[in-house]
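Structure first, then comments.
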């Protein structure tokens with residue numbers, strides 16, 4: 001029988017790691033407290049009004065998630081906080097995340113990946129995963145995550161490299177985090 005843990009209860013001891021302790025000032029309330037009420041009150045017009053949109057028009061989720069904050073008062077606010085299993089902490093501000101994701105988008109463009117093409121990413125839950133996904137979205141790519149694929153990097157057509165989990169059609173597959181730090185190795 002599997003033990004159940006009430007919502008909001010730490011399961012760190014169960015999995016062998018300590019819970020993340022945050023000072024009271026850093027704790028944030030849930031964004032969605034009453035799901036049923038949110039459904040009743042939802043409006044597409046209201047949702048659209050909360051989006052900044054691209055400066056030249058259009059919509060890109062990476063711009064909404066990162067760039068619009070990177071150019072405003074939140075530029076030096078942590079956008080991503082990662083606690084590696086080995087200890088320590090990696091914090092990227094919105095400004096730093098914008099630079100890193102722009103760099104990855106430019107790498108994709110530099111190797112010939114164009115808007116609308118599929119990019120598949122297989123990385124652990126590290127900052128590089130978010131940089132790769134957001135960077136590919138910034139480049140206008142369709143992004144897919146993969147499971148169960150051997151680490152590799154390829155820019156050949158899918159006819160030559162068919163991933164076993166259905167990634168047919170992807171022209172670029174990055175499963176090596178170090179390439180985000182050293183794209184010249186491509």
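Only the coordinates and a few stated rules stand behind these numbers; no lab work does. Here the structure is a predicted model, which is why all the values come from computation and not from measurement. Here the Cβ is made from the backbone with ideal geometry for all residues, glycine too, and neighbour counts use every protein chain on show.
Observations on the structure shown:
- Going by neighbour counts of Cβ atoms within 10 Å, the residues 66, 71, 119 line up, fewest first, as 71, 119, 66.
- Distance between the 7 Å Cα→Cβ label points at residue 40 and residue 77: 3.0 nm.
- Computing Rg and the Kirkwood Rh from the Cα coordinates of the range 61-129 gives a ratio, Rg/Rh, of 1.01.
- Alpha carbon centroid spacing (whole Å) that separates the range 86-147 from the range 42-70: 19
- Annotation: average projected area of the range 17-102 is 8.4 square nanometres, based on the convex hull of Cα atoms across all directions.
- The fewest-to-most ranking of 82, 44 by surrounding Cβ atoms within 10 Å reads 44, 82.
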